[in-house]
Amino acid sequence: MICFMCLQCGVQFAESETPPDACPICSDDRQYVRWAGQAWTTSQELAQTHKLAMKEDAGVLAFGVEPRFGIGQRALLAETPGGNVLWDCVSLVSDEAVTEINRRGGLQAIAISHCHYYSVMVEWSEAFGGVPIYIHADDRQWVMRPHASVKFWEGETLALNPSLTLIRCGGHFDGGQVLHWKRDGGNAILSGDILQVVATRRHVSFMYSYPNHIPLNAKAVRKIARAVEPFDYDDIYGAWWNTNIIGGAREAMRVSVDRYLAAIA
Ligand SMILES: [Zn+2]
Ligand SMILES: [Zn+2]
């Protein structure tokens, strides 16, 4: 039995003898099937040609697969006095990464913005003794490798510890969530692509599908704006290396919502 991984999105599936018929995440309107056709790999096979990079991104320890794989995201370690949380996830785990996280106090939990970054979340959880993986219940259907460590939560916010709060924004996915991080030197929102930090790195945008250029409607964008409005933050960390708004992020969010709504009006 093998846990196959979709070569296009890097998401690992439940054990099977033969590869799944299709990847529902890539077949969905928001993604696309690999141009050469659906193909599969495994995390063991991937480790022969790729490695897990570990370096700081704007002061936060981050992990990404190199060369670029899947959707190209990097995961972030939100370190707090009440416990550390891995935000978003990538398709490889390494002994070096596990050792370094344990040296920094271990891992309390994993939380992932939405299914495009579920990757090998179960392998990451198992590497830390089966820590919980927090996913919003409205995205239940997108979990391709069900596991006891996956904790579906309901409602609009969930405090993981005194410094970290999950905020359900919806938008790109109904259960799309971001992580608010109270920290010395400036609070942050870790946003995945629920709030997408764009090229200026002074704005965010909002899309139903990024690769297929399908925008979100005004109602969904206003809902996202309302969800993060009560929170205080200076920085937004996006989904990829160096796609961050450092300083003034709350104002950047306000300006971005206004210009987006004007553009689609
Ligand atoms: Zn896929
Ligand atoms: Zn996405």
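The values are calculated or read from the model by the stated rules, or taken from the named source; none is laboratory data. Every value quoted in this text rests on a predicted model; they were computed, and no experiment measured them. Here the Cβ is made from the backbone with ideal geometry for all residues, glycine too, and neighbour counts use every protein chain on show. Side chains are part of the model used for accessible areas, which takes the heavy atoms of the whole protein and leaves out ligands, DNA and RNA. Shrake-Rupley method; radii C 1.70, N 1.55, O 1.52, S 1.80 Å.
For the range 39-60, the condition holds for no residue, the condition being that it is within 16 Å of ligand 2 (Cβ to nearest atom), farther than 19 Å from C89 by Cβ, surrounded by 12 or more Cβ atoms within 10 Å (Cβ to Cβ) and in contact (Cβ under 8 Å) with a residue 12 or more places away in the chain.
Of all residues in the range 1-17, count the ones that are in a loop (DSSP other than H, G, I, E, B) and within 13 Å of ligand 1 (Cβ to nearest atom). Total satisfying the criteria: 7. Checking each residue in the range 93-118 for being under 16 Å from the mean Cα position of the chain (by Cα) and away from ligand 1 (no atom under 16 Å from the Cβ) picks out V93, A109, I110, A111, S113. Step by step: first the residues of the range 61-107, then only those that are in contact (Cβ under 8 Å) with a residue 60 or more places away in the chain and open to solvent by 40 Å² or more (accessible area, probe 1.4 Å), then the one that is farthest from I25 (Cα to Cα). Which residue is that? So, considering only residues that are in contact (Cβ under 8 Å) with a residue 60 or more places away in the chain and open to solvent by 40 Å² or more (accessible area, probe 1.4 Å), the one farthest from I25 (Cα to Cα) is P81. Considering only residues that are hydroxyl-bearing (S, T, Y) and closer than 17 Å to V198 by Cα, look in the range 214-251 and name the one that is farthest from the chain's Cα centre (by Cα). It comes out as T243. Are any of the residues in the range 31-50 within 20 Å of the chain's Cα centre (by Cα), within 27 Å of I245 (Cβ to Cβ) and not charged (D, E, K, R)? Looking for residues that are within 20 Å of the chain's Cα centre (by Cα), within 27 Å of I245 (Cβ to Cβ) and not charged (D, E, K, R), one finds at least one in the range 31-50, hence yes.
Each residue in the range 1-30 was checked for being within 16 Å of ligand 2 (Cβ to nearest atom), touching a helix residue (DSSP H, G or I) at 6+ places or on another chain (Cβ under 9 Å) and within 23 Å of T49 (Cα to Cα), and 5 pass. Is there a residue in the range 250-259 that is assigned to a strand (DSSP E or B) and modelled with pLDDT of 95 or more? No, because not a single residue in the range 250-259 is assigned to a strand (DSSP E or B) and modelled with pLDDT of 95 or more. Only a single item in (1) in contact with a strand residue (DSSP E or B) (Cβ under 6 Å, 6 or more places away or on another chain); (2) closer than 28 Å to A39 by Cβ; (3) open to solvent by less than 10 Å² (accessible area, probe 1.4 Å) is not met by D139, and it is number (1). Would you check if S125 is open to solvent by less than 10 Å² (accessible area, probe 1.4 Å) and of a type in the set (S, T, N, Q)? Judged against the criteria, S125 is a match.
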